[in-house]
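The values are calculated or read from the model by the stated rules, or taken from the named source; none is laboratory data. Predicted, not measured: the structure shown is a model, and the values here were computed from it. Here Cβ is always computed from backbone atoms with ideal geometry, including for glycine, and neighbour counts include all displayed protein chains. Only protein heavy atoms, including side chains, enter the accessible area calculation; ligands, DNA and RNA are left aside. Shrake-Rupley method; radii C 1.70, N 1.55, O 1.52, S 1.80 Å.
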Amino acid sequence: MNDKQIQQETKSVGSWSLEGVPELTGLSRQARQRVHAVCVRHHFLHARVTWWSAFAYAVFISCVSGFSALSEFVARLIGVQNSIWFLICGALIGAWVGSFLFSRMAISLVRAFYRETIEKELGK
């Protein structure tokens, strides 16, 4: 594979959806999500830490703490002092946003394992 092909494939995976991943074309939405989840679990969460995975974890933590701080700021802005519910809601929203970003950032690292996982999990 030459440099031009690698750049083109990287651009096609630059989307925020699993539909843009060439290895997952032809699979249903549920199958794509299942294969991606298995790959992330085996080859990203339980793997040796790289600079990219450390950055993904930092993004997740930043989302949780950032949304928590923002919710606390909004609570004080509207006159509610020390409300644990604003903090919890902010942390949950931050965790949701952070987990989405974390999952999308993992696509480029686990992409090499999609074909193998499809064969194991789906028998194709």
Just checking, does the stretch 68-76 include any residue being within 24 Å of residue 18 (Cα to Cα), among the aliphatic types (A, V, I, L, M) and open to solvent by 70 Å² or more (accessible area, probe 1.4 Å)?
no
Filter the stretch 60-89 down to the residues that are of a type in the set (A, V, I, L, M) and not in a helix (DSSP H, G or I) and list them by number.
78, 80
Please go through the stretch 1-32 and pick out each residue that is modelled with pLDDT of 50 or more, open to solvent by less than 60 Å² (accessible area, probe 1.4 Å) and among the hydrophobic types (A, V, I, L, M, F, W, C).
18, 21, 24, 27, 31
Which of the residues that make up the stretch 78-124 are open to solvent by 70 Å² or more (accessible area, probe 1.4 Å) and in contact with a His (Cβ under 9 Å, 6 or more places away or on another chain)?
112
Among what's in the stretch 97-119 and is in contact (Cβ under 8 Å) with a residue 40 or more places away in the chain and among the charged types (D, E, K, R), pick the residue that is farthest from residue 17 (Cα to Cα).
115
Please verify whether residue 99 is hydroxyl-bearing (Ser, Thr, Tyr) and more than 12 Å from the chain's Cα centre (by Cα), treating the condition exactly as stated.
no
